[in-house]
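Read through the structure below, which is laid out as structure tokens, and then see the notes.
Only the coordinates and a few stated rules stand behind these numbers; no lab work does. The structure displayed is predicted, hence computed values, not measured ones. No Cβ is skipped: glycine too gets one built from the backbone with ideal geometry, and neighbour counts run over all protein chains shown.
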Amino acid sequence: MLGYLELVLCDAALCAIVLRKQWKYYWALCVWLLLRAVSDSLFAVIFYVAHASGLTKHQAYSIYFYSYWPSCAAESIMALIVVYSVFRLAMAPLKGLQTLGTLVFKWAAGISVAVALGSALTPDVKTGTAYLMSAISQLQRTEGILTLCLLLFVCFAIRPMGLSYSSRIFGVALGFGILSTNDLVQSAWLVIVNPIMYNTYNLINGVVICTVLATWFAYFAIPEPKRRLIVLPTTSPFLRWNQISQALGDDPGFVAVGGVPPDLFAPAELEVMRRASLKMVPALPMPSESSAPDVRPDVRISASIAV
């Protein structure tokens, strides 16, 4: 029943996002919900086909295995993209901090994925399927930690960023924070507490997922309050770091190094620079357009351009 309810809530949340015309802002969340709905539907089909066709337990589990773990990997990757998009939406008013935070997030996500893939190579991993399970499990834990860090940041920055607890940005971050906490607790439960009680935690997991999906549906179904105008004091660390980030991201100036041959300029430009150079260095005559360029005219042209 919880599996069917999860499928219904996924479709309801997806429809709410599309009907509210929030697709362009929360497209990553829509893809995540779509992946979740497709995987739930696929698992239901596998369950009924296995019972109707009389497959053995080994055959049914093989089909389920190669459907479950790739879907988990795709959902974990999309969850990272959702976290990234939520961060950009939260930091949209402060472009400098948004750019700097985006760079930091990309590096953190890349390193986390590399560590997850590397940490899966343990002496206990003997086969490719075991490595697949270990790598995806590590990726899920990494995604959960990054999501919790984002939720912590959004909670602290919600007021300075002009947001409220009724904003959809906070609702999406809160939902993924709950899901990440649930996944981390599940990993500890199965390894440390009692692996035999997996069915009990499976029931808790279904309740948590359905609660998060219902929360997202409510956030997108109810009109969102307008974002407040951000007014920061001059001593605000957000303002200072935003100014520093914008200064670091500015394009540097460019200086011409070396001489410029006169044939790159039009005759009128050469005449203007000739008259200007006569006032600056009257002792050195400017060559005509047809004459071959030498070192001194190039230097004189560069000086005129600099002026």
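Arranged by the count of other C-beta atoms within 10 angstrom, fewest first, what order do TYR131, TYR26 take?
TYR131, TYR26
If each of THR200 and SER166 carries a label point 7 Å out from its Cα toward its Cβ, how far apart are those two points in nm?
It is 4.1 nm.
Please report GLU143, GLU6 as a ranked list, fewest other C-beta atoms within 10 angstrom at the top and most at the bottom.
Ascending number of Cβ neighbours within 10 Å: GLU6, GLU143.
Taking θ as phi - 60°, what are the ³J(HN,Hα) couplings along region 134-142 by the Karplus curve (6.51, -1.76, 1.60), each to the nearest whole Hz, with x for Gly and Pro?
5, 5, 5, 5, 5, 5, 5, 5, 4
Arrange the following residues from fewest to most other Cβ atoms within 10 Å of their Cβ: ILE111, ILE178.
Fewest to most other Cβ atoms nearby, the residues stand as ILE111, ILE178.
At a Förster distance of 30 Å, what's the computed FRET efficiency of GLU224 paired with VAL8, Cβ-Cβ distance as r, to 0.05?
Computed FRET efficiency for GLU224 and VAL8 comes out at 0.80.
Modelling each spin label as a point 7 Å along the Cα-to-Cβ direction, I'd like the TRP69/PHE153 distance in nm, to one decimal.
Distance between the two pseudo-spin positions: 3.2 nm.
Just the Cα atoms of region 1-156, one point each, no solvent: what log10 I(q)/I(0) does Debye give at q = 0.09, 0.15, 0.18, 0.20 Å⁻¹?
After summing over all Cα pairs, the log10 values are -0.39, -0.96, -1.18, -1.29.
Quick one: Karplus J couplings for region 217-227, per residue in order, coefficients 6.51, -1.76, 1.60, θ = phi - 60°, nearest Hz, x for Gly and Pro?
4, 5, 4, 8, 7, 7, x, 8, x, 5, 6
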